[in-house]
1. I want to confirm something. Restricting to the range 53-72 and keeping residues that are under 10 Å from Val96 (Cα atoms) and either touching a residue at least 60 places away in the same chain (Cβ under 8 Å) or out of contact with any strand residue (DSSP E or B) (no Cβ under 8 Å at 6 or more places or on another chain) (or both), which single residue is surrounded by the fewest Cβ atoms within 10 Å (Cβ to Cβ)?
2. Report yes if some residue within the range 75-89 is modelled with pLDDT of 50 or more, under 25 Å from His124 (Cβ atoms), surrounded by 13 or more Cβ atoms within 10 Å (Cβ to Cβ) and of a type outside the set (Lys, Arg); otherwise report no.
3. Quickly run through the range 92-125 and pick out the residues that are among the polar types (S, T, N, Q), closer than 18 Å to Ala58 by Cα and assigned to a helix (DSSP H, G or I).
4. Inside the range 59-73, can you point out the residues that are in contact with a Ser or Thr (Cβ under 9 Å, 6 or more places away or on another chain) and hydrophobic (A, V, I, L, M, F, W, C)?
5. Is there any pair linking a residue in the range 80-91 that is assigned to a loop (DSSP other than H, G, I, E, B) to one that is surrounded by 13 or more Cβ atoms within 10 Å (Cβ to Cβ) and aliphatic (A, V, I, L, M), with Cβ under 7 Å and at least six apart or on different chains, and which?
Amino acid sequence: MGNPGSLVLNVADYSHSCLRSFISKPCSGIGRKQVYRVSRRNDLDICADILQVARDWANKTGIVYRANLNFKLVEKYLERLVTSGLLRPTKQHRFVTTQKGVEFLRQFQTLLLPMIEQQALEIHP
């Protein structure tokens, strides 16, 4: 166990979106409180969010709402993920993350973890 005030994160305990929420930048100070904003998502972040949502078999509308995207954007990403073998469409008009997609998520979250831990310590010393 670390120092009493230390923050320990286990990547397996968090969804990708939850992990991304730890990565933030100072936005403004209001009184004694510091306000933080979450960084914009890049293509890999969006792909990971979609794969995380589709682990539980999701239709297009579910992906749009749970990954916080619009229908036009989700089409582009679904096509990319299906073509690369990370996502599989079903006959019931749903999508499911493939084993390759699950492995992508695991590796992506592992890569993000040191950055997230460092920023979390900066925010909550």
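The values are calculated or read from the model by the stated rules, or taken from the named source; none is laboratory data. This structure is a prediction, so every number in the text was calculated from the model and none was measured. Glycine also receives a Cβ, built like all others from the backbone with ideal geometry; neighbour counts cover every protein chain displayed.
1. Out of the qualifying residues, it is Asp56.
2. Looking for residues that are modelled with pLDDT of 50 or more, under 25 Å from His124 (Cβ atoms), surrounded by 13 or more Cβ atoms within 10 Å (Cβ to Cβ) and of a type outside the set (Lys, Arg), one finds none in the range 75-89, hence no.
3. Hit for the range 92-125 is Gln99, nothing else.
4. Ala67, Phe71
5. Pairs that qualify, where the first residue is assigned to a loop (DSSP other than H, G, I, E, B) and the partner is surrounded by 13 or more Cβ atoms within 10 Å (Cβ to Cβ) and aliphatic (A, V, I, L, M), are Leu86/Leu51; Thr90/Val96.
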